[in-house]
Amino acid sequence: MISHSPSLYPTFLSLTLLGVFCARAELPPQVYEQLKDESAESVAIETLSVSEEVSSDAEGVKILTISVKAKILSVERSKSGLKPGDHIQVRYQVMQNAEMKVGPSEPIIVEIGKPYLAYLEKVDSTGTYRITARGRSFCPPRSAEAGK
């Protein structure tokens with residue numbers, strides 16, 4: 001006969017919860033802040049259009065490739081020379097249905113007509129940019145940029 005000791009239940013519960021939290025691990029906030037600080041482009045944008053292409057990886061994880069056309073509202077810093085009024089294209093991917101994924105948070109899917117602070121890097125001479133701060137690459141604008 002197997003005996004169940006009540007004193008083992010808290011230990012079992014703690015280990016189970018630890019496993020769940022570790023499997024959904026997120027990067028610490030200071031990592032995202034460092035990525036933002038090191039970003040080549042820190043700009044306020046307004047999204048003009050958003051399109052999605054859907055694909056899947058070998059494990060059945062849904063991958064959305066997001067293409068955004070945006071207008072630059074203001075510039076905090078820009079290694080590529082962006083200025084207010086410029087139009088850019090941003091491409092990035094979002095993984096959906098990635099159960100128990102360990103790592104950085106997924107970026108949001110931006111909405112048409114909304115302003116964002118964007119942390120980007122120029123990919124090529126065609127004017128395409130990619131995100132640099134992973135799940136924190138698009139943030140709500142500071143109140144000063146929101147009114148522009």
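Here the Karplus relation 6.51 cos²θ - 1.76 cosθ + 1.60, evaluated at θ = phi - 60°, turns the backbone of the range 105-119 into coupling constants of 5, 7, x, 6, 8, 5, 10, 4, x, 9, x, 8, 7, 10, 10 Hz, with x for every Gly and Pro.
For residue 37 and residue 108, the difference between the fully extended length at 0.36 nm per residue and the C-alpha to C-alpha distance is 23.6 nm. Beta bridges from DSSP with both residues in the range 26-146: antiparallel share about 95 percent, rounded to the nearest 5.
Readers should treat all values here as calculations from the given coordinates under stated rules, not as data from a laboratory. Being a predicted model, the structure only gives us computed values, none of them experimental.
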